[in-house]
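> Can you keep this structure in mind? I'll have questions shortly.
The values are calculated or read from the model by the stated rules, or taken from the named source; none is laboratory data. No experiment lies behind these values; they were computed from the predicted model shown. Cβ coordinates were reconstructed from backbone atoms using ideal geometry, including for glycine residues, and neighbour counts include every protein chain displayed. Side chains included, ligands, DNA and RNA excluded: accessible areas come from the protein's heavy atoms. Shrake-Rupley method; radii C 1.70, N 1.55, O 1.52, S 1.80 Å.
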Amino acid sequence: MDRIRGEFIDIIEWTDDGRDTIVWRFPRFGNEIKMGARLVVRESQTAVFVNEGRLADVYQPGTYTLSTQNMPVLSTLKGWKHGFESPFKAEVYFVTTRQFTDFKWGTQNPVILRDADFGMVRVRAFGTFAAKVVDAAALLRELVGTDPQFRTEEVGEHLRQLIVSKLGSALGSSGVPLLDLAARQDGIGQQLAEALTLELSSTGIAIPRFYIENISVPPEIEAAIDTRSRMTITGNLDDYAKLQAADAIPIAAANPGTGGDALGLGVGMALGQRIVQSTSGAAASSVPVTQAPVQPAPADVPPPLPTALRWFLAVGGQQQGPYDESALAGQVAAGNLTRTTLVWRSGEAAWQPADQVPELTPLLADVPPPLPPQD
């Protein structure tokens, strides 16, 4: 039946019932399109006419009459020496020129960027893009070939790989800080669309739309951003300390025990002091007070008492102490502190005999020196 239908004048057209076909070849028996065939090209389509192995013409939307070497019936009779197949071949490829908007892209591995605020940063991104055929003849020569049905899945992976290769250079050359990437996603997407269209110009494909839906960073960078935001909100270190103390309360409550109780007690005391100080300050500021003249400090107030020295003794090979100077007098009376007793106090580098310490000389004035050796 296909051979019989091939003997009649053709009406060549295509109505696309799918959403993923880019190029479709008109199925003609033996590729023998007859002389005078009617070609119908609809909107969002382009027809490429290949006659005798060569790309003859490209047809825009409209109705056309084709002229080929194949005549009905006569071409079949003349083809007997070729096995009753016509040596004159003609083909029509329909190319969809509408936008294909269901392409998705994403970075399988993170892209490393240099940021002024955070240094070396690894980012991931994903989004969507649209592709469109702008040169049907170039598409047939470079990608389609003789494929009777060329779908989006056959070119989608190639486009995604190209996008990932261009993404790093686009983000790096944009000069946009990491914190401002969200506000500049549209501009970066337009820059990438132009770069990809230029790269794909030889294949007849353009990228009219490129969307970046999200740019994400590692968790440690997110934590640093959150900390910086919280410090900006608090305004100063004192308020930030209050915030940290408030955050520690639920942590202490969730960890009962000695450590949790101590943490909770310390945080509670600090927070209570902050509240009392804030309340006292607010109450004091709300009541008008008449400022009294500042009185000078009385001149007969003595200075604070000096800190007593604390001594350690080496008695019988054991360390004893600490003793203040009044306690050392008792040790002299008990015979534990003699001229040869090793003593030490804070600030000294090593133990030394008591008679070599000037501060202990008055205590040892009545202590006799060691007896000389006896014959």
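> Scan segment 335-349 for residues that are at pLDDT below 85 and either under 60 Å from the mean Cα position of the chain (by Cα) or under 18 Å from ARG310 (Cβ atoms) (or both) and report the count.
Residues flagged as at pLDDT below 85 and either under 60 Å from the mean Cα position of the chain (by Cα) or under 18 Å from ARG310 (Cβ atoms) (or both) within segment 335-349 amount to 6.
> Before we move on, is PRO293 at pLDDT 80 or above, part of a loop (DSSP other than H, G, I, E, B) and more than 59 Å from the chain's Cα centre (by Cα)?
No, not satisfied.
> Anything in segment 310-320 that is open to solvent by 40 Å² or more (accessible area, probe 1.4 Å) and more than 60 Å from the chain's Cα centre (by Cα)? List them, or say none.
PHE312, GLY316, GLY317, GLN318, GLN319, GLN320 - these are the residues of segment 310-320 that are open to solvent by 40 Å² or more (accessible area, probe 1.4 Å) and more than 60 Å from the chain's Cα centre (by Cα).
> Can you say whether PRO27 is within 14 Å of THR146 (Cα to Cα), assigned to a loop (DSSP other than H, G, I, E, B) and either of a type outside the set (Phe, Trp, Tyr) or at pLDDT below 90 (or both), as far as the supplied structure shows?
Yes: the conditions hold for PRO27.
> Now for a different question. Can you find a residue that is at pLDDT 60 or above, surrounded by 14 or more Cβ atoms within 10 Å (Cβ to Cβ) and farther than 27 Å from ILE205 by Cβ anywhere in segment 37-50?
Checked against the condition, which is being at pLDDT 60 or above, surrounded by 14 or more Cβ atoms within 10 Å (Cβ to Cβ) and farther than 27 Å from ILE205 by Cβ, segment 37-50 yields at least one hit.
> From the list THR307, THR258, pick out the single residue that is exposed (fewer than 10 other Cβ atoms within 10 Å of the Cβ) and either aromatic (Phe, Trp, Tyr) or at pLDDT below 55 (or both).
THR258
> How about segment 94-204: which strands (runs of 3 or more DSSP E) wholly inside it have at least 1 residues that are more than 27 Å from the chain's Cα centre (by Cα)?
100-106, 119-133, 149-151
> How do the pairs read when you match residues in segment 198-215 that are aromatic (Phe, Trp, Tyr) with residues anywhere that are not in a helix (DSSP H, G or I), using Cβ under 6 Å and keeping only pairs 6 or more apart or on different chains?
As it stands, the answer is PHE210/PHE129; TYR211/GLY127; TYR211/THR128, since those pairs meet every condition given.
> Which one of these is under 14 Å from VAL48 (Cα atoms) and either touching a residue at least 40 places away in the same chain (Cβ under 8 Å) or open to solvent by less than 70 Å² (accessible area, probe 1.4 Å) (or both): ALA125, ALA137?
Exactly one residue qualifies, and that residue is ALA137.
> From the set of residues in segment 171-210 that are closer than 14 Å to ARG124 by Cα and surrounded by 13 or more Cβ atoms within 10 Å (Cβ to Cβ), which is modelled with the highest pLDDT?
In this case the residue turns out to be GLN185.
> Mind checking which residues of segment 323-351 are open to solvent by less than 50 Å² (accessible area, probe 1.4 Å) and in a strand (DSSP E or B)?
Selection gives TYR323, VAL343, ARG345.
> Filter segment 140-168 down to the residues that are open to solvent by less than 70 Å² (accessible area, probe 1.4 Å) and of a type in the set (Ser, Thr, Tyr) and list them by number.
Matches in segment 140-168: THR152 only.
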